[in-house]
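Derivation of every value follows stated rules applied to the coordinates shown; laboratory data play no part. All values reported here derive from a predicted model rather than from experimental measurement. A quick note on method: Cβ atoms are made from the backbone with ideal geometry, for glycine too, and the neighbour counts reach across all protein chains shown.
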Amino acid sequence: MGFFEVVNSRSSVREYKDDPVPLETVRKIIEAARVAPSWANSQCWRFVIVDSHVEKNIIGNTTGQANIAKACKDAPYVIVLCANPKESGSKNGMDYYVFDCGLAMQNLSLAARSEGLDTCIVGWFDEKAIKGVLNVPNNFKVVAFTPLGYAKETPVRKARRKYSENVFHNFWGKAYE
């Protein structure tokens with residue numbers, strides 16, 4: 001699958017088959033995330049690959065969303081992304097560990113799609129509960145997680161805004177034709 005096909009076919013999937021995913025495929029996907037750019041090459045992230053049914057259920061249930069809980073339960077893996085804020089930068093009131101993790105998670109999501117797998121990046125959850133079940137150190141933040149697996153049905157990408165609504169030329173509001 002070419003890059004633009006990967007980008008254009010990626011969608012947030014909430015229903016997964018329980019079909020196994022080869023460990024080597026998971027490693028390839030994590031490697032794509034691991035080599036993402038970061039503040040001063042700080043690489044502040046850590047990935048917890050969860051395949052235990054108990055822990056996947058707990059993680060999914062921390063969202064309070066039944067569809068996310070089911071996705072975590074059904075998918076063969078849940079990938080939890082953590083970061084040490086002190087290993088990244090902060091400037092003008094912005095903590096870059098969150099940006100760094102966004103880059104890593106996007107790489108992960110696109111790599112998964114290129115391997116025929118799907119994800120659903122989740123950013124709302126009970127961090128304390130996840131840290132407790134996964135034994136995440138106090139100096140780390142749980143930034144996001146995603147189920148990882150094969151979609152139950154072919155995902156349909158939602159409509160996007162028109163190009164002219166998002167892309168401007170030289171000045172805000174001037175369409176880039």
Figure the gain on full extension for V35 and A175 (residue separation times 0.36 nm, minus the Cα-Cα span) and round it to one decimal in nm.
46.9 nm
List the chymotrypsin sites (Phe, Trp or Tyr not before Pro) within region 31-129 that fall in a DSSP loop (any state other than H, G, I, E or B) and whose Cβ has at most 11 other Cβ atoms within 10 Å.
W124
Given 10 °C and 1.306 mPa s, how large is the Stokes-Einstein diffusion coefficient of the chain in µm²/s, with Rh as the Kirkwood radius over Cα pairs?
92
How far apart, in nm, are two points set 7 Å out from the Cα along the Cα-to-Cβ line at H53 and at R161?
4.4
Here are some pairs, K28/K86; K56/K128; K91/K141; K56/K131; K70/K131; which of them have Cα atoms lying more than 22 Å apart in this structure?
K28/K86
Identify, among W39, V13, G2, the residue whose Cα sits farthest towards the positive end of the charge dipole of region 1-49, taking +1 on the Cβ of Lys and Arg and -1 on the Cβ of Asp and Glu, with the dipole about the Cα centre.
W39
So which aspartates and glutamates can K174 reach, going by Cα to Cα under 19 Å and dropping same-chain residues fewer than 8 places off?
E165
Lys, Arg +1 and Asp, Glu -1 on Cβ, resulting dipole of region 3-153 about Cα centre, debye, nearest 20
320
